[in-house]
Amino acid sequence: MGLFRKLGKEVEQFKRTATEAAAEDGAYRCEACEAEFAAEYDQCPECGAETVVPTTVEE
Ligand SMILES: [Zn+2]
């Protein structure tokens, strides 16, 4: 019982760390398809929308 609880906590922590690392990699994000990029684009390479914004802007 206690072991499973500990394991779940570690997985949660890992997921949070992975998310933070991804956010640091993607300095820019497409608002249309939510793809993240290290560089800014006038048009999203993924979907072509002109909605690539810096991820540093908090919602
Ligand atoms: Zn896009």
Of everything in the stretch 22-50 that's more than 8 Å from the ligand (Cβ to nearest atom) and of a type in the set (G, A, S), which residue is modelled with the lowest pLDDT?
-> A23
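Here are some residues: V57, V53. Which one is of a type in the set (A, V, I, L, M, F, W, C), at pLDDT 75 or above, outside any helix (DSSP H, G or I) and more than 10 Å from the ligand (Cβ to nearest atom)?
Details: V57 fails: at pLDDT 75 or above.
Within the list V57, V53, the selection yields V53.
The values are calculated or read from the model by the stated rules, or taken from the named source; none is laboratory data. Please read these numbers as outputs of a predicted model, since none were measured by experiment. As a convention, Cβ positions derive from the backbone with ideal geometry for all residues, glycine included, and neighbour counts pool all protein chains shown.
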